[in-house]
Amino acid sequence: MAETITKAQTKTAGPLEGTSAHHGMVAPGEAAFAQEQLREAFGADEQNRREVAVQAKDFSVWYATNEAVKKVTLDFKERFVTAIIGPSGCGKSTLLRAINRMNDLIPGCHVTGELLVDSRNIYSPGIDVVALRRAVGMVFQQPNVFPKTIFDNVAYGPRLQGGLSRAALSDLVETSLRRAALWDEVKDRLRGSALSLSGGQQQRLCIARALAVGPEVVLMDEPASALDPQSTARIEALIDELRKEYTIIIVTHNMQQAARISDFTAFLYEGRLIEYGATKQVFTNPVQRQTEDYITGRFG
Ligand SMILES: Nc1ncnc2c1ncn2[C@@H]1O[C@H](COP(=O)(O)OP(=O)(O)OP(=O)(O)O)[C@@H](O)[C@H]1O
Ligand SMILES: [Mg+2]
């Protein structure tokens, strides 16, 4: 049965997987800060259970001589939703894209500092970028479905990886579509074109495609900003489900959305991390004046 395929079974071991020594990598001050936040927001049990999925340390991203992300140090906690907010041009997408090395494709773009996924610096030599992109999936603002069938869109990544029987592939497609809350709407038209789906359905299809390769982290860059309110609500409900199994890092311009769906919020301004904390705290009692001005709509 499709439902019995677990994430672990569908995952292929990559060089980024199988490590668990996260704690030694956290700077003492950082760890204390993050743990305090976790304790406050989620209780001691939860805090003990979670680890750091992605960690930026003095991490900068440069477009030639323009430092678009400036020495950001930040922990993204495993199986939490972290929202990245900030005014247009502050470096949100640049930071997000760096986490699965999408910026490799941009001439002149380079990074300094460290970015760790599963405790490995993903910019060190010898990192398998294909494996990285399996571990760290990405969903874009505009749903980028392939001009193929619904089934083939979801099966795309697993087929590249190979090794699945037809039945196992079908099960995986079903599981992924169920996880993306799309199955009921498409189960009778899997061989129909993905382009015939509505925008909101296409976005959920992209999420299903990202989930099909068994990622640990899912990056989302304004995934609902091109959608109507109903589709947006579905995506938000979906994120709420996915947080149980995946680490989600989401860029959004919608302050209400960030407040609704995220556990942690990072506020960027002109490439710098101005504030990071439990979402409740950032939105109700921000430490920095700039954060308050931004979330209350005084600028940006
Ligand atoms: N491919 C690129 N080449 C050169 N500069 C870039 C490139 N992409 C982004 N930048 C620059 O890097 C800075 C950060 O851009 P980025 O797209 O990360 O901002 P953002 O916070 O995602 O903004 P928005 O909210 O408008 O999407 C901007 O100054 C932008 O002009
Ligand atoms: Mg952007």
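The values are calculated or read from the model by the stated rules, or taken from the named source; none is laboratory data. All values reported here derive from a predicted model rather than from experimental measurement. With ideal geometry, Cβ positions are generated from the backbone for all residues, glycine too; neighbour counts draw on all protein chains shown. These area figures cover heavy atoms from the full protein model, side chains too; ligands, DNA and RNA do not enter into them. Shrake-Rupley method; radii C 1.70, N 1.55, O 1.52, S 1.80 Å.
In nm, to one decimal, how far is the Arg272 label point from the Leu195 one, both placed 7 Å along Cα→Cβ?
4.8
With a point put 7 Å past each Cα toward its Cβ, work out how far Lys148 is from Val287 in nm, to one decimal.
Result: 4.6 nm between the two label points.
At 1.4 Å probe size, with the rest of the protein present, what percent of the exposed accessible area of region 195-277 is carbon and sulfur atoms? The partial results should precede the final answer.
Numbers: 1310 of 2740 Å².
Roughly 48 percent, rounded to a whole number.
Mind checking the dipole of region 150-258: about its Cα centre, +1 per Lys or Arg Cβ, -1 per Asp or Glu Cβ, Debye to the nearest 20?
With Lys and Arg at +1 and Asp and Glu at -1, about 340 debye.
If I model a spin label at Arg178 and Gln230 as a point 7 Å from the Cα along the Cα→Cβ vector, what separation in nanometres do I get?
So the label points at Arg178 and Gln230 sit 2.6 nm apart.
What relative contact order, as a whole-number percentage, does region 130-243 give when Cα pairs under 8 Å and 6 or more residues apart are counted?
Working: 150 pairs, mean separation 50.2, N = 114.
Result for region 130-243 is 44 percent.
Find the centroid of the Cα atoms in region 195-232 and in region 245-260, then give the distance between the two in whole Å.
13
Tell me which residues come under 5 Å, amide H to amide H, from Ala83 once H is placed; ignore anything under 5 positions away on its chain.
So Ala83 has HN proximity to Ile250, Asp263, Phe264, Thr265, Ala266.
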